[in-house]
Amino acid sequence: MAHWFHRNPLKATAPVSFNYYGVAGSPAANKICNDLRTTRARLLDMFTDITCTPEIMKNATDAYFSLLQAFITSLDGSSQDNKMRYIQNFKWTDTLQGNTPSAQQDMVFELVSMAFNVALWYTKFASRLAGKENITEPEAKDVHRSLKVAAGIFINLKEVRIPRLITPAEKGRDLEPRVMDAYIIQCQAEAQEVTIARAIELKHKATLIAALAYETANFYQKADHTLNTLEPECSSKWRKYLQLKQHFYMAYAYCYHGQTLLADDKCGEAIRSLQEAEKCYARAESLCKEYRQTKGPGTTAKPSEQLFFIKLGGLIKNTLEKCQRENGFIYFHKVPAEPPTLELKASYGLAEPVPFELPPLSEQCTPEVYATFDLTRGAKNDKGKPKDEEVKPVKEPDLKPQKDTGCSIS
């Protein structure tokens, strides 16, 4: 079954030359600077290359980060900051703030901003693959893993890298805690969507599917709540997505919980659970329309017209009708006024982020080469000083959602 995911735009950045003539006092030092320029440019190109795979992305990321660390990690054995850390100004836009960039003269800012984009790329790769017709089992696993890799990168940035910044992130910018948390939770919730689809295809017990759906709905609710204090003009569309997914998976949870209750001969409670599923589904359908009409960053789609959405509506309707027939012929149970309390806990199947680690320092970056960088000499062309470099928006591939045939994950 094809999936549909909301995606915010990639971050854009100003070009960086890394030309430190005068400061780079040896051929080996100049080569590091040249390689930084070329590996950065290649990595940026990979973000919009539709032929890029996770393996290619990892290689491109490692190539750049293995060199960039030479200007962050202390190479002279001291506890002081790397002497090259503050030589270059970097500009990056934010996913929710349009084309207005943030700027910091700090290599750590470059590291976290670029790694953030890498995580975004993994989510976009997963979205593109998940929207294919006739998705195969290996492809579904790639979607699942890509979302967990993205979550692991976001977690590492939030807990390890961002605290090292000298200048804290401004409110509403990508690197502030509320936005980071929303991305982390969304990645985990979407990975669990793949797990739920797999559990349904393999006809796992309704109790497991209901529990996974309930946990996923709670993830989406938590992500939405982390954004409720952000400015509406930059977060409303994203929040509509999180809300519609929350109600969609609550509908799933009540639907499959109703099947469990029916199997336990609790037909009246089963009917009430299915009625609540109908309410959640109707609310999700309403939120789909609100999502389409809400302006803001991110993709525009018609989720209520996707087959995955329509199929759930049919499942709820058919299951409720079955319960009502059974109650009229066999059980004659009274339907409770209140819906059943969902106290469901999935014993397995929950998505765990893949831990992110930086690659080892490039072999080019030795203490001897580091010693040949001399800040007292100054860059002859002042390339390291802040200047008004234009930040052009990223031209992302215009990939339309493919028709969902409703085919199974084989």
Please go through segment 237-248 and give me each residue that is in contact (Cβ under 8 Å) with a residue 24 or more places away in the chain and open to solvent by 10 Å² or more (accessible area, probe 1.4 Å), ordered by number. K240, Q243, Q246, H247
Failed condition for Q104, given (1) surrounded by 15 or more Cβ atoms within 10 Å (Cβ to Cβ); (2) over 19 Å from the mean Cα position of the chain (by Cα); (3) of a type in the set (S, T, N, Q); (4) closer than 25 Å to Q364 by Cα: (4)
Pairs, please: C-beta under 7 Å, at least 6 apart or cross-chain, first residue in the same structural domain as F18 (by the TED database) and in segment 34-63, second part of a helix (DSSP H, G or I) and of a type in the set (V, I, T)? L43/T61; M46/I56; M57/V118; T61/V118; A63/T39
Subset of segment 313-332 (residues that are more than 41 Å from the chain's Cα centre (by Cα) and open to solvent by less than 70 Å² (accessible area, probe 1.4 Å)): E326, N327, G328, Y331
Mind telling me which of the residues K141, K148 ends up being in contact (Cβ under 8 Å) with a residue 24 or more places away in the chain and open to solvent by 10 Å² or more (accessible area, probe 1.4 Å)? K148
Given (1) touching a Leu at 6+ places or on another chain (Cβ under 7 Å); (2) over 30 Å from E176 (Cα atoms), identify the lone condition not met by S235. (2)
Counting only residues in segment 263-287 that are crowded, with 22+ Cβ neighbours inside 10 Å and more than 19 Å from A337 (Cβ to Cβ), the one farthest from the chain's Cα centre (by Cα) is identified as Y281
If you scan segment 71-101, which residues turn out to be within 20 Å of P163 (Cα to Cα), more than 23 Å from the chain's Cα centre (by Cα), open to solvent by 30 Å² or more (accessible area, probe 1.4 Å) and not hydroxyl-bearing (S, T, Y)? Q80, D81, K83
Of the residues K279, K317, K311, which is in contact (Cβ under 8 Å) with a residue 60 or more places away in the chain, farther than 23 Å from A182 by Cβ and basic (K, R)? K311
Just for segment 288-312: of the residues that are buried (at least 16 other Cβ atoms within 10 Å of the Cβ), hydroxyl-bearing (S, T, Y) and in a loop (DSSP other than H, G, I, E, B), which one is modelled with the lowest pLDDT? T299
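The values are calculated or read from the model by the stated rules, or taken from the named source; none is laboratory data. The model shown is predicted, which means the values in this text are computed figures rather than measured ones. Cβ sites come from the backbone with ideal geometry, for glycine too, and all protein chains shown count toward neighbours. Surface accessibility is based on the protein's heavy atoms, side chains included, excluding ligands, DNA and RNA. Shrake-Rupley method; radii C 1.70, N 1.55, O 1.52, S 1.80 Å.
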